[in-house]
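Reviewing the structure listed below.
The values are calculated or read from the model by the stated rules, or taken from the named source; none is laboratory data. Here the structure is a predicted model, which means the values were calculated and not measured. Note: ideal-geometry Cβ built from the backbone for every residue, glycine included; neighbour counts use all protein chains shown.
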Ligand SMILES: NC(=O)c1ccc[n+]([C@@H]2O[C@H](COP(=O)([O-])OP(=O)(O)OC[C@H]3O[C@@H](n4cnc5c(N)ncnc54)[C@H](OP(=O)(O)O)[C@@H]3O)[C@@H](O)[C@H]2O)c1
């Protein structure tokens, strides 16, 4: 029988299926040996606590909550998700940790993506320009350590206890670069 390492619930409609019922189904899958661990995604702190409790009743830990978290999107620090993750020993998997490429330093007012991101509010000229100050700081830090700005942005997340960035890659070079960031430590990050 095949086993999934981490079986995650993505967006959920809690009016259709309650958190309790969903977690009960996920626990059954773990008990049947079809998944090793259960995660959720885009769950608010209160939803996470409910999922954690529902799984705990069935003897299964909640392994992760996958949410948007990057240097340019720091909601988990103020909406209670990061605190709840740490309290409950749930790994925060941060998606879009490079802010869809913006934190790699390759996009600016003159160079914007040519795919769907070009239409996204986040890639509007104003936002891309405003992000350049952060990109500049990442570049300055990276130059000291021989690292790309994106690697510094990922290292910032990796230095946070209980946080693991999920960087997207379009090619082998991206994957290699992003994996390399795990060997680079941002020493002064706290919290
Ligand atoms: N749970 C959810 O709701 C949710 C939502 C969104 C994403 N995700 C997941 O999160 C993961 C990553 O998120 P993401 O793809 O949105 O954003 P990301 O990791 O912030 O950015 C990825 C993009 O940045 C560029 N890039 C990546 N590495 C690079 C490098 N080393 N140098 C230069 N450019 C680089 C590539 O695009 P270009 O080369 O085209 O610029 C790549 O597609 C994916 O696994 C995705 O499935 C989950």
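Looking across the range 50-84, the residues that are touching a residue at least 40 places away in the same chain (Cβ under 8 Å) and more than 17 Å from residue 10 (Cα to Cα) come down to 70, 71, 72, 77, 82.
Restricting 52, 68 to residues that are at pLDDT 95 or above and surrounded by fewer than 20 Cβ atoms within 10 Å (Cβ to Cβ) narrows the list to 68. Residues of the range 40-66 that are touching a helix residue (DSSP H, G or I) at 6+ places or on another chain (Cβ under 9 Å), within 15 Å of residue 88 (Cα to Cα) and not in a helix (DSSP H, G or I): 40, 43, 44, 59, 60, 61, 62, 64, 65. Out of all the residues in the range 153-169, which are assigned to a loop (DSSP other than H, G, I, E, B) and either surrounded by 20 or more Cβ atoms within 10 Å (Cβ to Cβ) or within 8 Å of the ligand (Cβ to nearest atom) (or both)? Across the range 153-169, the qualifying residues are 160, 167, 168, 169.
No other residue among 33, 80 is farther than 23 Å from residue 157 by Cβ and modelled with pLDDT of 95 or more apart from 33.
Among the residues of the range 67-94, write down those that are assigned to a strand (DSSP E or B) and touching a helix residue (DSSP H, G or I) at 6+ places or on another chain (Cβ under 6 Å).
Residues satisfying the conditions are 67, 92, 94.
The set of residues from the range 95-121 being under 14 Å from residue 174 (Cα atoms), more than 6 Å from the ligand (Cβ to nearest atom) and in a loop (DSSP other than H, G, I, E, B) comprises just one member, 105.
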